[in-house]
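The values are calculated or read from the model by the stated rules, or taken from the named source; none is laboratory data. Because the structure is a prediction, the values reported are computed rather than measured. With ligands, DNA and RNA removed, areas are computed over all heavy atoms of the protein, side chains included. Shrake-Rupley method; radii C 1.70, N 1.55, O 1.52, S 1.80 Å.
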Amino acid sequence: QVQLVESGGGLVQAGGSLRLSCAVSGNTFSFYSIGWYRQAPGKQRELVASIGTTSPKYYADSVKSRFTISRDNAGNTVSLQMTSLKPEDTAVYSCTLHSSSGTYWGQGTQVTVSS
């Protein structure tokens, strides 16, 4: 079993920054990738950024050069540093881990960017 707990969301003005963190626990030995999805009201969920065990980091075109995903050495925390935030970045952000035993989701954290 894997548990993912996000933190760091909130309200920020356009142009500001936020850092999201995802605390990972449980059996993550055979994970393939971990990353962040977001879903805005009325829109499809989209993959924002991810780190794979055998693949380079991925970023959606809409966040390239503004967002940075990282993982601590112990692998217990995955962070998403978000800069130059735009109102269109407003969404619920969820941490997701894909492994041989399934796909796991955190509860999500709200990010709201005001114009």
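Quick notes on this one:
- A single entry from GLY35, GLY9, GLY15 fulfils the requirement of being of a type outside the set (Val, Ile, Thr) and more than 11 Å from the chain's Cα centre (by Cα): GLY15.
- Those strands (runs of 3 or more DSSP E) lying entirely in the stretch 13-114 with at least 2 residues open to solvent by less than 40 Å² (accessible area, probe 1.4 Å) and at pLDDT 95 or above: 18-26, 31-39, 46-52, 67-71, 77-82, 91-99, 109-114
- Test: residue in the stretch 83-91 that is within 17 Å of LEU4 (Cα to Cα) and either within 11 Å of the chain's Cα centre (by Cα) or not hydrophobic (A, V, I, L, M, F, W, C) (or both): no
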